[in-house]
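Every number here is computed from the coordinates shown, using simple stated rules; none is lab data. As the structure is a prediction and not an experimental result, all values here were calculated from the model.
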Amino acid sequence: MGSFSIWHWLIVLLVVVMIFGTKKLRNMGSDLGGAVKGFKDGMKDGGTTADAPASSAPAAQVTGQPANSDKSAIDVEARQKS
């Protein structure tokens, strides 16, 4: 009663083909294959982007002075609304 013989699997296959039809099974097989391929490509792409540096732009130097010397800019910490 443990495993099924080849005849059991052939009968199951015949019943599945009779229920779904060969065209539907072929479409399901190609859809499943496309999904597996897409998953593998996604896993491959995900591994390469994690190894790459986040940005290639040089880091800006942090100073106490604003980056632009525009006088219309308001420093929120220096000015408080009264």
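On full extension, the segment bounded by Met43 and Arg26 gains 3.5 nm, given 0.36 nm per residue less the C-alpha separation. If the segment from Ile19 to Ser5 were pulled out straight at 0.36 nm per residue, it would be longer than the present Cα-Cα gap by 2.9 nm.
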